[in-house]
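Below: one structure, written as structure tokens.
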Amino acid sequence: MIRTEYIVFVAAFVVTYVGVGWFRSWSLRKGYLDHPNERSSHETPTPRGGGLIIAAVTLAAYAGSSWYFDFKLSIGFVVGSLLVVAISWLDDIYSLSFAWRLVVHLLAATAVILDLGYFDSVVFPFVETPLQVGVFGIGISIIWIAWFINAYNFMDGIDGIAGVQAVAAGLGWLIVGLLAGIPVATVIGGVVVFSSIGFLIHNWQPAKIFMGDAGSAFLGFTFASMPFLLREQGIMRAALLPVVAVLFLWLFVFDSALTLIRRLIRGERVWTAHREHLYQKMVIAGRSHQFVSALYGGIAVAIAVSSALLVDQHNSTASYVSVVIVVFSTTLLLAINTVKTKSNKKL
């Protein structure tokens, strides 16, 4: 007998693939195109905003599954998602100021916290005693969500990279849901995986359509909200979920944080567009979008699969495996950039 979740996943793939194709045609007719500039990684005007379909499919599946599988529908998550998608879509069309976007991101984060609570403690691998943060967790939780939204958005700069990261992180949450028997994680994780694959068919180099802020910001918001959505599900080792969430997006978190710190040290306006992320430097150095996105995606999947096992209290080796993969992959990424930079200087 075919499980209902599998039908939902297949439907998510089909609807997204068809929907993104339709959206691309509509964008071409309306002239909603991303025109290249000196900071762009593409050379021809291309439709953007295809990630709207991922957001719509994910939210529809989440709402419908909450009724079918009888889990609590988070109004805070739904409202926050709509706020993030709305402001991001307006930004895709009108290029809003960072201040307006940040205000809405903070409101969306607040909606989640009011509905689902906040981080009051965090557990780290190899450390038995939880880190208690108390009421400071309110501010930490809000900043956490806002940071994930913007980090994911910043990293969506070449064909395929945001899509493959979504597949990897979605796979991680899907595994968590299956291991812990939590439908909300299984549904959201699986739908994001298959919806993102449907989108990637259109977005792989050379991309026929871009994800746009509406898609990337929604995905960042969703992945940031997952630990809160799972807190009330009775999951074992719930305090470990923030660490797991970071690991699922490790390369995006590391790349964006490293670039942010470098630009802050130089006194630059960190909210403006640039081409200084590690993945962008790899493309500038001559690597194709396909190579860079596949590299990030492959590493992200390896980290996500191993990190998902951290929620299984009987799997004591998962922490060691995750650490090894994270350290190795981060070192590899830095080494590739260093080699290419030296090579370019010789030229």
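No value in this document is a laboratory result; all are computed from the given coordinates. From a predicted model like this one, the values you see are computed outputs, not experimental measurements. Please note: Cβ atoms are built from the backbone with ideal geometry, for glycine as well, and neighbour counts cover all protein chains shown.
Across the options LEU229, GLY212, ILE197, the greatest Cα extent toward the positive end of the charge dipole of region 142-264 (unit charges at beta carbon of Lys, Arg, Asp, Glu) belongs to LEU229. Structure remark: mean-square fluctuation, Gaussian network model of the chain, C-alpha springs under 10 Å; the largest value among GLY157, GLY49, GLY117 belongs to GLY117. What separates the Cα centres of region 203-252 and region 52-122 is a distance of 12 Å.
Which net charge results when you count Lys and Arg as +1 and Asp and Glu as -1 among the other residues whose beta-carbon is under 10 Å from that of ARG262? The answer is 0. With neighbour counts taken as other beta-carbon atoms within 10 Å, the residues GLU276, GLU5, GLU268 rank, fewest first, as GLU268, GLU276, GLU5.
Note on PHE98, PHE254: ascending count of other Cβ atoms within 10 Å places them as PHE98, PHE254, the fewest first.
The radius of gyration of the Cα set in region 17-128, together with its Dmax, comes out at 18.2, 58 angstrom. In terms of its C-alpha gyration tensor, region 4-346 has a rounded overall shape, because the principal axis ratio a/c (a ≥ b ≥ c, square roots of the eigenvalues) stays below 1.5. When the Gaussian network model of the chain links Cα atoms closer than 10 Å, the mean-square fluctuations of ASP34, ASP213, ASP156 top out at ASP34. Cross-chain or 8 or more residues apart, Cα under 25 Å: how many lysine pairs in the chain fit that? Count them up, please. For the chain, the number of qualifying lysine pairs is 6.
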